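Since the structure comes first, as structure tokens, the remarks are kept for the end.
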Amino acid sequence: MTQPLELLRELVDPDPCYFDHHGYCQAHGWMTVEPACPHARTKELLADSISVESREYEVVGDWGVDGADNEAHARRKVSEALAAYPHCGARAQTRLAYVWDDGSEYYGPWEELNGEGAQP
Ligand SMILES: [Zn+2]
């Protein structure tokens, strides 16, 4: 099944918008400013959608840093570490990671993963 975003990629005009001094798009014959040319808005939407957002998790303790696959995994590792070594200071942290189609990446700051189901 075709996804809506795939369809939009094909529908959107690859030619750039050309805004005149009124802010109207001459390239697509769009004669209002608000809302702006739908091609411009669609491209914005598509630009947002090509970045893949994910979360990274890791467990930090006196021993160093350990990777974790997901939140549950990170929490379990913390519990296990604290059970085995009560004073190891194990804690889980998470950060947002964005990866774009062209391979560029952005990572947010590490945040403590506190308590059950804590949300940033
Ligand atoms: Zn346009």
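Rule-based calculations on the coordinates, nothing more; no lab input. Just so it is clear, the model here is predicted, and its values are computed rather than measured. Note: ideal-geometry Cβ built from the backbone for every residue, glycine included; neighbour counts use all protein chains shown.
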- [ ] Quickly work out the residue 19-to-residue 55 label distance, labels modelled 7 Å from Cα along the C-beta direction, and quote it in nm with one decimal.
- [x] 3.6
- [ ] Just grab the label-to-label distance for residue 47 and residue 97, each label 7 Å out from Cα along the Cβ direction, in nm (one decimal).
- [x] 2.5
Open item on the list: Relative to 2.2 N^0.38 Å, what does the C-alpha radius of gyration of the chain come to as a ratio? Two decimals please.
Closed with: 1.67
Open item on the list: Test of understanding: given the chain, find the longest segment containing no chymotrypsin sites (Phe, Trp or Tyr not before Pro) that are in a DSSP loop and have at most 16 other Cβ atoms within 10 Å.
Closed with: 19-62
Open item on the list: Can you tell me the orientation of helix 71-84 relative to the chain, as the angle in degrees between its alpha-carbon axis and the longest Cα principal axis, to the nearest 10?
Closed with: 10
- [ ] Would you kindly derive the ³J(HN,Hα) couplings of region 12-17 from the backbone phi angles with the Karplus curve 6.51 cos²θ - 1.76 cosθ + 1.60 (θ = phi - 60°), listing them in order in whole Hz, with x for Gly and Pro?
- [x] 5, 6, x, 5, x, 5
